[in-house]
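Everything on this sheet refers to the single structure shown next.
The values are calculated or read from the model by the stated rules, or taken from the named source; none is laboratory data. Values in this document were obtained by computation on a predicted structure and should not be read as measured data. Every residue, glycine among them, receives a Cβ derived from its backbone with ideal geometry; neighbour counts consider all protein chains shown. Quick note on the areas: whole protein, heavy atoms, side chains included, nothing else; ligands and nucleic acids left out. Shrake-Rupley method; radii C 1.70, N 1.55, O 1.52, S 1.80 Å.
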Amino acid sequence: MSAASRSDLGVKLAGRAEYGVDAELPGMLWAALVPSPVAHGRLRRVDLGPARALPGVVAVGADDLATLLPRGAGDAERPIFPAGEVAYRHQPLAAVAAPTLAEARRAAAVVRVEVEPGPALIDLETAFPDWPGPDGARSPHVIAHVHARHGDVEGAFRTAEHVVEETYRTSSVHQVALEPHACVATVRGDRWTVRTTTQSPFGVREDLSLLLGVPESSVVVEGTWVGGGFGGKGASLLEPYALLLARAAGRPVRLALDYREEFELGRTTLPAVIRVATAVRDRRIVGRRVRLLLDVGASLPGRDFATGYSIGFLLGPYVTPTFEVEGYGIRTNKPPFGPHRAPFAPQCAFVAESHIEEVARVVGVDPVRFRAEHLWREGATTPLGQPVGPFGLAAALERADALARRWRSEAPAGHGVGVGLGFWSTSTGAGGEARLVLSATELRVEQGERGIGSGSVLRGLVAVAERALGLPADRIRIEYLSTAEAPFDSGVYGSRTVGALGRAIVEASDAVRADLAGRMAVAVADVSLAVEGEEIVVHAPGVRRTVRSLLRPDEASRGIVATGRHFAKPNAIDERRVVTGSFYPYTDFTGAAHVAEVSVDRETGAVRVERYAAFQDVGVAVDPATARAQVEGGIAMGLGIALTEEALWSADGRLLNPHLLDYRIPTLGEVPVPEVTFVEGFLGAGPFGAKGLGEPPIIPVPAAVAAAVRDASGAHVTELPLSAERVARTLKLL
Amino acid sequence: MTETVAHLTVDGAPADLAGMPDDERLLDTLRWRLGRKGTKEGCRTGDCGACTVLVDGRSTLACLTLTREVDGSDVTTIDGAARDAELSRVTRAFAEAGALQCGYCTPGFVVALAGLLKERGRAAPLEELLDGLQGNLCRCTGYAAIVRGVALAREEAP
Ligand code: FES
Ligand code: FES
């Protein structure tokens, strides 16, 4: 199947795809946000008077919520505008709208804001200069505390032949979807409608219902094309402000971020410090300890997902007879932590892999062999007691190792080759529903999400329906509907579209077949579909009927409707191993082994990636061209995390590099065209045994690059990114 | 704010602009004054290439260009792809190669590559063309499919 079969390519190549930034409604106003001038403080006053005095300007702030919201207030925990504490710089304190963007910006600039500045916590390490002690969890800075253990860890460390202990630091990275957040809102009566660029129309609807204090049935979210999501467009961000302004103005309001604001307000991965220790006896790992300090920004208690979920990735896909892990989510004065393609997992894999490599070297075993000997295989148990299902990582590692050896034998002086592993699990999200409509001539998939470009909706779901019903792709059409009409689904994130929603498509396809079999009075298993001329025809032994002839009169205009569902999987964690906090249960196990060849400049420390290869456990590649594209894209994004991407803050919470010039993502000349190999046959939870693939390819990249840098130069860099400066410092060139 | 006028030809159609702020950028003129939104706004600081258009055949970042500076020029954007031979060629090649995912960087890449092909000719070495696209960022594809698309645009029969 060629990539050209994606039905969105034509409209996008012609420049006719309407993204969030393109949405426009007659009579709409343009909006701007009024940002907090400090990272932390107490809000004294927001005086909208000077803005309201300007012609055509509408302004809303905390004081207006009582009149604008039907219940007088929204979510008490998450007020749209803060009334007391200001938690991060650029936090919106008010919003204004005007006939032009320039006027809106001028109006925002004249709003008088008084904040009494307070001490800001920016660098998470200052919260615990000596690491959290026994009552670390009681610190006001800690909003999440997770702790798990299993077996006699103390004994394992006491009797070990080798103990390797290290500290790692990882950086803050931004999604950098090229399209900034943007939406247009309209309020008519009690109907709050927003056209927006989102990965999750239903997630945004739920958020808005809570934030605005209106029922979900009053909120309508229309998803536009999305100019890249990568996790950054999963929850609501601008929609509440735009809706409030639209309500106040009685006209549609457009609110979009410029790229600087995109950086400053982005909810994304924040820095972390990790301590890992491994105890080895007879060349076997006998104990592990991990402690994590994770900057979760201005997240609210109970809303942090990352601290508990990260811990498993820090231990790596390795058999660990005894362990103790403890993680602290530290609240700092930055925007709240948010998802970024496999949130924080590439950083965790960098730590897990760099550390295991170090352990192997100390023990004196070949690092790849040491890994292979400890790797989970099907039937093994994860540290938190979950049984490991079909898992292709060992097979991937074997092939990656063979390639790495070849590349190493060919590599010129100054080059190095490294292998990095990563694992992931397809998320199911909150579940969802698929709706298929079979007409006389086509199959429609009615859908609220447009997908985010990965092709998971347009190619992935279509490929699943193709396979499930035996219809060609050109007779399957995705029809995008607003949340008022589309079946519920939790969104395009967590590598779940094909894996989870795809199962609902299979179920709905089975329902279509059963329905047709019933109408024709034949056995379901005997039914097959085919296209003959214009018509879709149903065959069974001795019978041939057009779909048209099977439609009831009331179905003639639409078709046969069938639905399928999927649900979140039950939590399979062994709770006896959990001391406190919530951890992340796996639905299936996806692995990848990547190989990087790099050169390191011995004077500057600059790293260049010369060659790259991925061996990716995919279960079944439902659509190989689309799957390959996911891997290629994930690798490039991972190279950014590995080498250049790092958001930097000043001590008073100012983002120092909110531009693509100083926050550098990989460019065309910096990413080699990778070799991509699918490892198939280790079946996952998705349709036909597919595993989610949106996130897994990014995970092993920093690990593979770090191993290659170490191989090339001897530099064991324990911080991300591996910038020229860090490599040079590690090599004592600076 | 002083106001200004400009007369452009955009994708073959005359655009006579009046009452326009002096500092209006070509990107905003195209997108909001003329409603030609195929050209995308990314960074607005010249760092992403999403806003690339051709001004008298030359690749130009519309976010860094004042409309009044290009008064009298012929502007070609992705919206005019069908009427320009190089743009059509690149569009076909990108479709064949699947050189896009979200598509947000795509108008910029297509127009920039078409500009390079016009300037250097279809026989220009692949490396030279790829070099000329260094200013265009793509976050989705990892560039691999774009590299395949560029190769096709060179080789594909006219
Ligand atoms: S928008 Fe013009 S270069 Fe980014
Ligand atoms: S296709 Fe999404 S940025 Fe290039």
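Consider B:Asp79 against the criteria (1) open to solvent by 10 Å² or more (accessible area, probe 1.4 Å); (2) under 13 Å from the mean Cα position of the chain (by Cα); (3) within 15 Å of ligand 2 (Cβ to nearest atom): it satisfies all of them except one. Which criterion is unmet?
Every listed condition holds for B:Asp79 apart from (3).
Let me spell it out: the conditions are (1) over 22 Å from the mean Cα position of the chain (by Cα); (2) modelled with pLDDT under 95, and A:Gly364 meets all of them except one. Which number is the exception?
Exception for A:Gly364: condition (2).
Which count do you get for residues in region B:117-135 that are more than 7 Å from every other protein chain (Cβ to nearest Cβ) and either more than 27 Å from A:Glu179 (Cα to Cα) or part of a loop (DSSP other than H, G, I, E, B) (or both)?
12
Identify the residue in region B:1-26 that is surrounded by 14 or more Cβ atoms within 10 Å (Cβ to Cβ) and within 11 Å of another protein chain (Cβ to nearest Cβ) and, among all such residues, is farthest from the chain's Cα centre (by Cα).
B:Pro21
Picking from A:Val280, A:Val187, A:Val253, A:Val276, which residue would you name as being in contact with a helix residue (DSSP H, G or I) (Cβ under 6 Å, 6 or more places away or on another chain), modelled with pLDDT of 95 or more and open to solvent by 20 Å² or more (accessible area, probe 1.4 Å)?
Being in contact with a helix residue (DSSP H, G or I) (Cβ under 6 Å, 6 or more places away or on another chain), modelled with pLDDT of 95 or more and open to solvent by 20 Å² or more (accessible area, probe 1.4 Å) holds for just one of A:Val280, A:Val187, A:Val253, A:Val276, which is A:Val187.
If I filter region A:299-310 for residues that are in a helix (DSSP H, G or I) and open to solvent by 10 Å² or more (accessible area, probe 1.4 Å), do I get at least one hit?
Within region A:299-310, one or more residues are in a helix (DSSP H, G or I) and open to solvent by 10 Å² or more (accessible area, probe 1.4 Å).
Within region A:1-75, considering only strands (runs of 3 or more DSSP E) that don't extend past its boundaries, which have at least 1 residues that are of a type outside the set (A, V, I, L, M) and open to solvent by 20 Å² or more (accessible area, probe 1.4 Å)?
Output list reads A:29-35, A:41-47.
Going through region B:41-65 one residue at a time, which ones are farther than 19 Å from A:Arg16 by Cα and away from ligand 1 (no atom under 13 Å from the Cβ)?
Residues satisfying the conditions are B:Val55, B:Asp56, B:Gly57, B:Arg58.
Rundown of residues vs (1) more than 19 Å from A:Arg459 (Cα to Cα); (2) more than 10 Å from chain B (Cβ to nearest Cβ); (3) open to solvent by 20 Å² or more (accessible area, probe 1.4 Å); (4) acidic (Asp, Glu), yes/no style:
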{"position": "A:Asp652", "(1), (2), (3), (4)": "yes, yes, yes, yes"}
{"position": "A:Leu660", "(1), (2), (3), (4)": "yes, no, no, no"}
{"position": "A:Phe678", "(1), (2), (3), (4)": "no, yes, yes, no"}
{"position": "A:Gly681", "(1), (2), (3), (4)": "yes, yes, yes, no"}
{"position": "A:Gly694", "(1), (2), (3), (4)": "no, yes, yes, no"}
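Collect the residues in region B:83-124 that are within 16 Å of ligand 1 (Cβ to nearest atom) and closer than 25 Å to A:Gly20 by Cα, keeping them in residue-number order.
Passing the criteria: B:Cys102, B:Gly103, B:Tyr104, B:Cys105, B:Thr106, B:Pro107, B:Gly108, B:Phe109, B:Val110, B:Val111, B:Ala112.
Within region A:606-630, can you find the residues that are buried (at least 24 other Cβ atoms within 10 Å of the Cβ) and among the acidic types (Asp, Glu)?
The answer is A:Asp617, A:Asp623.
Can you find a residue that is within 14 Å of chain B (Cβ to nearest Cβ) and basic (Lys, Arg) anywhere in region A:598-608?
no
Sort through B:Arg31, B:Arg92 and tell me the only one that's crowded, with 21+ Cβ neighbours inside 10 Å and within 12 Å of chain A (Cβ to nearest Cβ).
Unique residue meeting the criteria: B:Arg31.
For the structure I just gave you, tell me whether A:Phe688 is aromatic (Phe, Trp, Tyr) and closer than 22 Å to A:Gly316 by Cα.
Considered against the rule, which asks whether it is aromatic (Phe, Trp, Tyr) and closer than 22 Å to A:Gly316 by Cα, A:Phe688 comes out as no.
Is it fair to say B:Ala145 is more than 23 Å from A:Gly455 (Cα to Cα), within 15 Å of ligand 2 (Cβ to nearest atom) and modelled with pLDDT of 95 or more?
Judged against the criteria, B:Ala145 is not a match.
For region A:130-207, which strands (runs of 3 or more DSSP E) that fit wholly inside it have 1 or more residues that are within 16 Å of ligand 2 (Cβ to nearest atom) and on the phi < 0 side of the Ramachandran plot?
A:182-188
Yes/no per residue for (1) closer than 20 Å to B:Asp16 by Cα; (2) open to solvent by 30 Å² or more (accessible area, probe 1.4 Å); (3) within 16 Å of ligand 2 (Cβ to nearest atom); (4) not basic (Lys, Arg):
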| position | (1), (2), (3), (4) |
| --- | --- |
| B:Thr52 | no, no, yes, yes |
| B:Val55 | yes, no, no, yes |
| B:Leu64 | no, yes, no, yes |
| B:Val75 | yes, no, no, yes |
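So is A:Leu294 assigned to a strand (DSSP E or B) and under 19 Å from the mean Cα position of the chain (by Cα) or not?
Considered against the rule, which asks whether it is assigned to a strand (DSSP E or B) and under 19 Å from the mean Cα position of the chain (by Cα), A:Leu294 comes out as yes.
B:Cys43: touching a strand residue (DSSP E or B) at 6+ places or on another chain (Cβ under 8 Å), within 16 Å of ligand 2 (Cβ to nearest atom) and without any contact (Cβ under 8 Å) to a residue 60 or more places away in the chain, yes or no?
No.
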